[in-house]
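Just below is one structure, and these are the notes that go with it.
The values are calculated or read from the model by the stated rules, or taken from the named source; none is laboratory data. None of the values given here were measured: they were computed from a predicted structure. Please note: Cβ atoms are built from the backbone with ideal geometry, for glycine as well, and neighbour counts cover all protein chains shown. With ligands, DNA and RNA removed, areas are computed over all heavy atoms of the protein, side chains included. Shrake-Rupley method; radii C 1.70, N 1.55, O 1.52, S 1.80 Å.
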Amino acid sequence: MNLLELSEKRYSVRGYSSESVSDEDLNYILECARLAPSAVNRQPWHFYVCKSEDALSKVHKCYPRDWFYTAPMVIVACVNHEEEWVRQNDGHPHGIVDISIAVEHICLAATERGLGSCWVCNFDAKLCHELFDMPADREPAVLIPIGRGTTEFSEKKRKNISDIVTEII
């Protein structure tokens, strides 16, 4: 499968079977995240893998949605602010950009392995930070449920290429 086919196949899954994610699939997914590019190669990320009943119970408190509870595993993707690159001319930090690249590597790797995933950004990050006793410089940025999807793919609604691209000659 090429990248275009993989991108077409990937969608936000909001329903999962109880089948667990194999260690082989998890290791593959995490290796893809590890290899993701980042500004100045700082790799300002840390991932919490929630598979146990206790860990899942904690992460569920941060995003209490019925469909989210069905995922057999959730990865909490965090930015390490002490490690992120900051653009010198305007002080703009790039940690959120970097973690976004790594998270999409996770989602695409999961899709390649026949698994579903979903970006969850509307969660209680402060509570997540507290429940997992994270260091002060670590910010939970995205929750990624992963598992065998039970929801059907529906056609992606995307803008036309001409609506998002300006060619400068």
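How many nm is it between the label spots at Ser22 and Ser162, if each spot is 7 Å from the Cα in line with the beta carbon?
Modelled inter-label distance: 4.6 nm.
What shape does region 1-42 have by the C-alpha gyration tensor, where a ≥ b ≥ c are the square roots of the eigenvalues, rounded means a/c under 1.5, and otherwise prolate means a/b greater than b/c and oblate the rest?
Numbers: a/c = 2.15, a/b = 1.35, b/c = 1.59.
Oblate, because a/c is 1.5 or more while a/b does not exceed b/c.
Could you give the dipole magnitude of region 4-152 about its Cα centre, charging the beta-carbon of Lys and Arg +1 and that of Asp and Glu -1, in debye to the nearest 20?
240 debye
Determine the relative contact order of the chain: mean sequence separation of Cα pairs under 8 Å and six or more apart, normalised by residue count, in whole percent.
Values: 278 pairs, mean separation 57.8, N = 169.
With pairs under 8 Å counted, the relative contact order is 34 percent.
Looking at region 67-107, what % of the alpha carbon pairs are farther apart than 15 Å? Don't skip to the answer; put the middle values down first.
Details: 437 of 820 pairs.
Pairs farther apart than 15 Å: 53 percent.
Going by average Cβ neighbours within 10 Å, how do the peptides 89-97, 62-70, 11-19, 113-121 rank, with the highest at the top?
Descending mean neighbour count gives 113-121, 11-19, 62-70, 89-97.
Just order 153-164, 72-83 by mean Cβ neighbour count inside 10 Å, highest at the front, would you?
Details: 153-164: 7.8, 72-83: 21.3.
Per-residue Cβ counts within 10 Å, averaged per peptide and sorted highest first, yield 72-83, 153-164.
In µm²/s, what is D for the chain at 20 °C and 1.002 mPa s, where D = kT/(6 pi eta Rh) by Stokes-Einstein and Rh is the Kirkwood radius from Cα pairs?
Details: Rh = 17.0 Å.
The estimated diffusion coefficient comes to 126 µm²/s.
Principal axes first, then extents: for the Cα atoms of region 53-148, list largest minus smallest coordinate on each axis, whole Å, largest first.
Dimensions of region 53-148 along the principal axes of its Cα atoms: 45, 32, 18 Å.
Given a 1.4 angstrom probe, I'd like the percentage of the accessible area of region 1-150 that is carbon and sulfur, rounded to a whole number.
Numbers: 3810 of 7660 Å².
Carbon and sulfur atoms account for 50 percent of the accessible area of region 1-150.
Given points 7 Å out from each Cα along the Cα-Cβ axis, report the Asp54 to Asn122 separation in nanometres with one decimal.
3.2 nm
With a/c under 1.5 counting as rounded, go ahead and sort region 114-169 into rounded, prolate or oblate using the C-alpha gyration tensor (a ≥ b ≥ c being the square roots of the eigenvalues; past the cut-off, prolate if a/b is larger than b/c, else oblate). Show your work: numbers first, answer last.
Values: a/c = 3.61, a/b = 1.53, b/c = 2.35.
Oblate, because a/c is 1.5 or more while a/b does not exceed b/c.
Which value, in Å³ per residue, describes the convex hull spanned by the Cα atoms of region 1-100?
Details: hull volume 15.0 nm³, N = 100.
Cα-based convex hull of region 1-100, divided per residue, equals 150 Å³.
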